[in-house]
Amino acid sequence: MKTKLITAAVAAMVAASPAVAELTFTSLSYRTGPYAANGIPFADGYADYFTLLNERDGGIGGEMVNLLECETGYNTEKGVECYESTKDQGTLVYQPLSTGITYQLIPKVTADGIAMHTMGYGRTSAKNGSVFSNVFNYPANYWDGASVAINHLVDLNGGDLKGKKVALIYHNSAYGKEPIRTLEELSAKHGYDLSLLAVDHPGQEQKSQWLQIRRERPDYVIMWGWGVMNQVAIQEAVNIRFPMENFIGVWWSGSENDVKPAGDAANGYKAVTFHNVGSDFPIFDDIQKYVVDAGKAAGAGDQVGSVLYNRGLYAAYLAHMAAEKAQEISGNANISQADMIKGMEALEITQPLMDKHGLAGFGPEFSVSCENHGGPGLGAVQQWDAGAGEWSLISGFEPSDGEVIDALIKEDSEAYAAENNITPGC
């Protein structure tokens, strides 16, 4: 696979490069900066999957894949610069891996006719495809994650959370604030008391928040963190002897990076997820053979099978499936940006399809439409086994609370449409 690393310094040169007959994808990565430890495995998984397609299959439908990777450092301004320097290269879909960057790019990709996939992050109401025509967040979004976490707590309590105390400790950013409204609505529905504890970037200072948790003694803590914030929070929970089985993170707070620093004391910590864990899937044999052993891995090859590597691979797989669907719809192998949007809107992921590609059971079945860019919002719960040094699923992929979430999506997306003079329609 051709992989091009782009920086703002070479933006003019890239913009002047001649177009090539390849399928181009762009990864707005961050291998540097305060969140690099989490950005690197995701970027590696995303890149290695496309390398596998080129090395094993000769690309997608006979067209080789060209991956542009642009370093953002998880900085919104740099992310926008990366977009502007690569958008004329024929990119079929952008993967920003940042809620801040996503919010800035929504109007840009819409105006430029390019797709953006914000899998499990970004603006949740982009699920409404009749308003957000170019943005997709399947198979699940932030509000689904919050609901799946609460559903798990409801199950643990025999269906009744009345009188229970739930604390949300969250990254004090657009990302971290995303679940608040949902958790408030679910609090009204289920009768639990909700407290909110913000943690400022990058998240190393949390003493006061955990002293408050020790003082108020919530029954459960939900975490919406990223990077060093997660491991610091888990260690602080250990320090005050908060029971790990009552501590549950969103999917961005559920990687090996988050739990390993606390050692055995992190045993039992939980996180929601929208895909499976581990490397016990046939596709990883091919990754080893065609990518790692061939010396073509994006990284050192030591992240294969980790949570965030798998997530990057899954994002690339879904882009692959959408590109194949676009080729099928258009009748052309060398699809356009407009074709890719049609392919993403017609995407259907089934268990036989995942089985065919060595990913049987890796994620839930789902379908996308013009009206629904987010899928059904299914999520599972994973738990950390410190002794084995691995995550395992402790639930199936279950639905979020559509009654609550669909109403919030409708409200937020309609407000966005009114503010931006968008006439919804499919």
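Tabulated data for the structure shown
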| item | result |
| --- | --- |
| Flag if LEU211 is open to solvent by 10 Å² or more (accessible area, probe 1.4 Å) and in a strand (DSSP E or B) | no |
| Candidate set: the range 217-236, residues that are β-branched (Val, Ile, Thr) and open to solvent by 10 Å² or more (accessible area, probe 1.4 Å); chosen: the one farthest from GLY39 (Cα to Cα) | VAL232 |
| Among the candidates GLY163, GLY73, GLY145, residue that is assigned to a helix (DSSP H, G or I) and touching a Gly at 6+ places or on another chain (Cβ under 9 Å) | GLY145 |
| Those residues of the range 344-377 which are open to solvent by 30 Å² or more (accessible area, probe 1.4 Å) and not in a loop (DSSP other than H, G, I, E, B), in sequence order | GLU345, GLU348, GLN351, PRO352, LEU353, ASP355, LYS356, SER367, ASN372 |
| Any hit, the range 249-257, residues being touching a His at 6+ places or on another chain (Cβ under 7 Å) and open to solvent by less than 40 Å² (accessible area, probe 1.4 Å) | no |
| Some residue of the range 147-163 being free of Cβ contacts under 8 Å to residues at least 60 places away in the same chain, farther than 22 Å from TYR35 by Cβ, of a type outside the set (Phe, Trp, Tyr) and open to solvent by less than 30 Å² (accessible area, probe 1.4 Å) | yes |
| Checking SER195 against (1) open to solvent by less than 60 Å² (accessible area, probe 1.4 Å); (2) within 22 Å of GLY268 (Cα to Cα); (3) in contact with an Asp or Glu (Cβ under 7 Å, 6 or more places away or on another chain), the condition it does not meet | (2) |
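The values are calculated or read from the model by the stated rules, or taken from the named source; none is laboratory data. What you see is a predicted model; the values in this text were computed from it and never measured. All Cβ positions, glycine included, derive from the backbone under ideal geometry; neighbour counts span all protein chains shown. Heavy atoms of the whole protein, side chains included, go into the accessibility calculation; ligands, DNA and RNA do not. Shrake-Rupley method; radii C 1.70, N 1.55, O 1.52, S 1.80 Å.
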